[in-house]
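These notes concern the structure reproduced below.
Read-outs: derived from the displayed coordinates by stated rules, not from any lab. Given the structure is predicted, the values throughout are model-derived calculations rather than measurements. Quick reminder, even Gly has a Cβ in these numbers, built from the backbone with ideal geometry, and neighbours come from all protein chains shown.
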Amino acid sequence: MSSSDNLKDDNSSLITVIDNLEYHQFDASNQEQFNQISHLVSQHLSEPYSIYVYWYFLNTWPQYCFIVRQPKPNDHNIIGVIISKVEPHRNVRMRGYIGMVVIDPSFRKLGIGKNLVKLTIDKMINWDQIDEIMLETEVINIGAIKLYENLGFLKTKRLYRYYLNTHDAFRLILPISDKSTTRIAFLPQLES
Ligand SMILES: CC(C)(COP(=O)(O)OP(=O)(O)OC[C@H]1O[C@@H](n2cnc3c(N)ncnc32)[C@H](O)[C@@H]1OP(=O)(O)O)[C@@H](O)C(=O)NCCC(=O)NCCS
């Protein structure tokens, strides 16, 4: 049995099909999905994240992890993943945060990364009425910066030697509501 056979073919997690690829919500009860996600991320992101970082994101916000697979009978392994969270920011705005996006190199430049980011934005607005989305990316990651800027993200800060490899990062923010561009001092506290 291949490892892809261990991935449950559960249609309840299927969100959409685009260009013959399946976009699923992560299934927190499926250890094989977790293994494949951490393998994909550790192979292709420059920052070496510990397993505790995955657990933190995937356990707390499993609804904000989306995976991409080819339909059966093709190889059903995970070829793309996005991992995010949503939290109040300073108790005045709801802020989404995109932690990791990785596409298998053989499937890049096909629009999959863009589809995952758009799906995440859409769900964050619908489920949590977010006011903004934030993320960081390496200043040298031209592909990622283009992807985000094309979707409306704005560079707001350069973070000096932010990553363990000593590279600087850009912080990018996508404003969704007016609250995102209003000074915190002028915003009312979020209702608990
Ligand atoms: C960055 C990454 C997620 C992009 O995924 P992808 O599926 O190849 O991107 P898409 O095909 O959806 O491209 C989206 C846009 O970004 C642009 N883009 C993507 N990769 C690019 C590259 N290497 N150089 C220039 N532009 C690029 C595309 O041209 C496209 O522009 P468009 O909206 O005008 O059509 C992917 O390259 C990757 O997994 N990289 C390694 C991990 C990583 O760096 N993640 C981001 C860290 S925050």
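Applying the selection to the stretch 36-53, what residues are over 22 Å from residue 141 (Cα atoms) and either touching a residue at least 12 places away in the same chain (Cβ under 8 Å) or assigned to a loop (DSSP other than H, G, I, E, B) (or both)?
Selection gives 36, 51.
Which of the residues belonging to the stretch 54-72 are more than 20 Å from residue 126 (Cα to Cα) and not in a helix (DSSP H, G or I)?
Matches in the stretch 54-72: 68, 69, 70, 71, 72.
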